[in-house]
Structures are given as C-alpha cells and as structure tokens.
1. Kindly indicate the residue of the range A:1-19 that is open to solvent by 70 Å² or more (accessible area, probe 1.4 Å) and touching a residue at least 12 places away in the same chain (Cβ under 8 Å) and also farthest from A:Q100 (Cα to Cα) among those meeting that condition.
2. When both residues are 6+ apart or on different chains and their Cβ atoms are under 6 Å apart, which pairs have a first residue that lies in the range B:144-157 and is within 11 Å of chain A (Cβ to nearest Cβ), and a second that is at pLDDT 95 or above and part of a helix (DSSP H, G or I)?
3. Among the residues of the range B:158-179, how many are more than 14 Å from chain A (Cβ to nearest Cβ), charged (D, E, K, R), within 16 Å of DNA strand D (Cβ to nearest atom) and assigned to a helix (DSSP H, G or I)?
4. Under 9 Å between Cβ atoms, which residue pairs at least 6 apart in sequence (or on different chains) link something in the range B:46-59 that is over 22 Å from B:R10 (Cβ atoms) and part of a strand (DSSP E or B) with a partner that is open to solvent by 80 Å² or more (accessible area, probe 1.4 Å) and among the acidic types (D, E)?
5. Condition test on A:L144, is it open to solvent by 10 Å² or more (accessible area, probe 1.4 Å), closer than 20 Å to B:E44 by Cβ and either modelled with pLDDT of 95 or more or assigned to a helix (DSSP H, G or I) (or both)?
6. Would you check which residues across the range B:180-195 are more than 8 Å from DNA strand C (Cβ to nearest atom) and within 14 Å of chain A (Cβ to nearest Cβ) and list them?
7. Filter the range B:58-93 for residues that are of a type in the set (A, V, I, L, M) and closer than 21 Å to B:K176 by Cα and give the result.
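The values are calculated or read from the model by the stated rules, or taken from the named source; none is laboratory data. Please read these numbers as outputs of a predicted model, since none were measured by experiment. Here the Cβ positions follow ideal geometry from the backbone for every residue, glycine too, while neighbour counts run over all protein chains shown. Heavy atoms of the whole protein, side chains included, go into the accessibility calculation; ligands, DNA and RNA do not. Shrake-Rupley method; radii C 1.70, N 1.55, O 1.52, S 1.80 Å.
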There are 2 protein chains.
Amino acid sequence: MSASRFDSIRDLPLFAQMHQDSFDALTHGAFVQNFPPNMVMISEGEPADFLHIVQDGCVELFSTWNNHETSVTTLYKNSTFILAATIKDRPNLMSARTLQKSRIVMVPSENVRTVFRQDSAFAFAIVDELARCYRATIKNMKNLKLRSSLERLANYVLKQHHRHGDALAFDLPIEKRRLASYLGMTPENLSRAFNNLKPHGVAVSGQRIEILDLAALTAYAKPDRLIDDTTAEQAP
Amino acid sequence: MSASRFDSIRDLPLFAQMHQDSFDALTHGAFVQNFPPNMVMISEGEPADFLHIVQDGCVELFSTWNNHETSVTTLYKNSTFILAATIKDRPNLMSARTLQKSRIVMVPSENVRTVFRQDSAFAFAIVDELARCYRATIKNMKNLKLRSSLERLANYVLKQHHRHGDALAFDLPIEKRRLASYLGMTPENLSRAFNNLKPHGVAVSGQRIEILDLAALTAYAKPDRLIDDTTAEQAP
DNA sequence: CCGCCCGATTGATAATTGTCAAGCCGCACA
DNA sequence: TGTGCGGCTTGACAATTATCAATCGGGCGG
C-alpha cells in the first residue's frame, strides 16, 4: 500500500480525524522529497501547487521586498505550511528555504481542495489550523508594533526558556542573524541588544543563553499571554 | 419570522451558501445592538462570546500592551470579526471600539461552533474567511517589517487611490492619529511623513489628499501585489 | 596544523522614529 | 459670535535603530 510512506503524517492533527479513504485520496500523487540545507524550495508569488509538511529538518519562511528580506517564521518537524494559499488557490505570500537537510512531504494542492470539500473532519481540522496560524500572526504583529527590539528579545529569551522546560540555560535554535530578522532588527542591533539584556539578568556566549536572574528578566519583559502564549503556535 | 431582522447579513459570503435551517439555528438568540461612537465593545483577553458583524458604521480593532496602544485594522459595513476566537473558543486577542454610531449583529459563539459542525457550506465559508484574514495579516506584517514608515504611508495613499476608483483626490477615511497607529508610527511622525511625501507628488490639506504626480508616487512606493493587493481583504 | 571563510561583534556615525512642549485650527456649542 | 475642546502641526531634542567598516573568532577543508 502506497500510503505507508505517509504514515508519519497520518497522526498529525490536520489529518488524524479524516477517513482513510480521504487520506488515501489526499496522498495520491503526493511524494516525499529530500532537500539539502539552505535551499529555496518555494518562492513568493508562485502558485501554491503543493501543501508542504516538514517530516524532518527545519524550514524558514521569509519574504522579500525591494532588496530587503525578513524572516517570518521557522518551522520544525510536523509543521505544515502553504495551507492558506493552497486552500484559496492563490500565490504564496512567502518563500521557504531549508535551514538544515530536510525531508518534506508534498501533497498536491488540488487534492487538498478536493478532499477538503468531501471530508468534513478534514475541513474542521483545516479551520482549526488556519485559526491557529491567524492568531499566531496577530500575536506576532502585536509583538512588533507594541514593543521595542530589546523588549522583543527579552520576551523571546523567556519563550525559549519555557520551550526548554523552564531551563535557565539553553542554546538558541537558529542562527543569530535569522533571529535578528525574525525579531525585526539587524544582526548588529541584536548583538548590542544581547549586551543590553545583561543588566536584566541574561548572559550570552555564542549560541548559549543563560538566565541569571529570571525575576529581573520577567520584570523587564512583561510577558503577556495575548502576545507570547504560543501553546502549539508557530515561532522559530 | 424572527429571522427577518437578519436578512441583511444573509447574503454575506460567510452565510450565503448555508442552508436556511442552519441560518435559523445560527441566528437563534442573536441580536442587533446599536452602539454610540467611541465605545469599546470588546476588550482583549475576554472570552469571545459573540461573533460580530458590522451591519452599519465603523469599528476599529486595536490592542494594548504596557500603556501602548496600536490600531490593527478598521472594519466597515458587512465585515465580521472575532471569528477565529469564536471558532477556537479562546479569548479575544484584540479589543474593538466603534468609531461612529454603529449597528452590530451579535451571534452567540456557541451557535457558530455548533452550526459550523453541521453545515459544511458554512464550514467552507469559514475556511475561506479565515484564510483571507490570515493572508491579509501576513501582508500587513510584511508591510511593517520590510518598509519604512514613509514607504508605508506612500503605499497607503496609493491603496486609497485605488479604493476611490483611481481618483487623484480623496478624503482619508479615518482620523490621522488612527492612521498613524495603523501604520505603526506616532501622529507627529505621520504629520512629518505627509510633508516628506510632497516631493513624491502628494499634497495634503486636512483630510483631503491629492496626488499631483502619480508616476513619482508609484516609483517611490514600489507597490507589490504580495503586500498591497487587498482584493476583498481588510484594512482601514 | 594552518589558513580561509563566514558569521558575530564592536565602533563610529547617520538616519529614522519617538517624546515633550507649545501653538494652531476647525468645529461644536452656548 | 465668542469660547473651549480636541486633534493636528511644528520645533527642539532624545532615543532607537540602521549603516558602514573593521576586527574577531570558531569551524572546516586542505
């Protein structure tokens, strides 16, 4: 049975509840592709021919305008992307590149649109996923518009702290220049921002972050569940 | 028949395709409410008890953090809001206030979630709306991260130009201080930004905008369909 | 083991954007 | 027709952020 190749995605929330027939129809013509690191898989403006699922590795979504580039988000194992463009049959708004060697499942958009109309469990899951992404993006925008770059960095450090099981020391999951772009600043500014976090209890050495004074950092960052709570929401 | 009060929303894309039974179930317990101008109808963090539809008037969605406020979008007649929070049964991420005397239809969120599960035409419409809002927000974020405030303003002027049927003169639809907040800048900076657009062919007097040199403005603004194309997408 | 390359850092400087204070202007209202 | 209020504008200044240039330093291939 050809579907066995796609067992790994069958249990993702987006596909878990759909009928097996629908899943088979969905994955008919789908395939798995391996990409080397730093490869642009998708360019913004192109039609969204495939729904993508990260089976393994790491993908950055980014956008470009007038020779500027900005990182929008980073996706890890089991994330899907290009869902909105796929459903609306519209061009991608973002480009995608691998950050590491990655294995990506590619499902023809045509299948997604067809099965979406036939299997209501799938349709519900899509609603859930779109609502989640939408809310995550609103939070992201609030973060950008309401905070200074130093405040954004402080909250980013706190978020990573929680991601790592409340550990007081951890490694950054991405390169600093990409983090800078994600946070809406230049690499130079990020470097200085890390220095400016020192008085707020953060020590940095290479990729390693140490929180020396969690209370001070939290007092400065003023995290807010309506901005920073990413229960199962995307971010790098 | 009680549904007659809701005739005006029956034809909106979100509700047009659903069965009449579903529509009746949806609007059972719904009501219309009139609000005076400048009234906060919804506060962020509160549960999303109702799906809101602007039947008449004008509503601003905004957010607050640490004594800062930012305008996220402005909605006019026939727009819906709080859909994502309603569907996910999660707290609102944004507050809402009327900018003018407004008439709002309020549909219990419980109804929305129930009918969404029963009427696939409604579910499809919700997917469409969520995908649209999501993409609009991504564009908004690209606008914020990739452009300077002057470039954002230039593109805003161009967008209004298209909204007004390519007219070279038109009135701003909202107060300047709200426009400033929407564009991510202070009112003072907006004032100066309008002055800085003069060399690019824009004249301002009060609410009135005149484009004296469309080619120059376009050359400066560099509009991009992946940021500025708002075919049926929300913005103030 | 060495040298190279690329990203990170630092310094100097400039551009952008925000803050504070004051004055202006149009409009609503008495 | 004053009068006052609120929003807009302007100016001076400060903070934030970007830019440009140079250096540092770690990892990798030869």
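1. For the range A:1-19, the residue satisfying everything is A:H19.
2. Going by the 6 Å Cβ cut-off, the qualifying pairs are B:L144/A:L144; B:N155/B:A221; B:N155/B:D228.
3. 2
4. B:P47/B:D89
5. Against the criterion (open to solvent by 10 Å² or more (accessible area, probe 1.4 Å), closer than 20 Å to B:E44 by Cβ and either modelled with pLDDT of 95 or more or assigned to a helix (DSSP H, G or I) (or both)), A:L144 qualifies.
6. B:S181, B:Y182, B:L183 - these are the residues of the range B:180-195 that are more than 8 Å from DNA strand C (Cβ to nearest atom) and within 14 Å of chain A (Cβ to nearest Cβ).
7. Going residue by residue through the range B:58-93, those that are of a type in the set (A, V, I, L, M) are B:59, B:61, B:72, B:75, B:82-85, B:87, B:93.
Correct list: B:V59, B:L61, B:V72, B:L75.
Per-residue answers, yes or no, for (1) among the acidic types (D, E); (2) at the interface with chain A (Cβ under 10 Å from one of its Cβ atoms); (3) open to solvent by less than 30 Å² (accessible area, probe 1.4 Å):
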position: B:F50; (1), (2), (3): no, no, no
position: B:I53; (1), (2), (3): no, no, yes
position: B:E60; (1), (2), (3): yes, no, yes
position: B:T70; (1), (2), (3): no, yes, yes
position: B:L75; (1), (2), (3): no, no, yes
position: B:S79; (1), (2), (3): no, no, no
position: B:A85; (1), (2), (3): no, yes, yes
position: B:K88; (1), (2), (3): no, yes, no
position: B:M94; (1), (2), (3): no, yes, yes
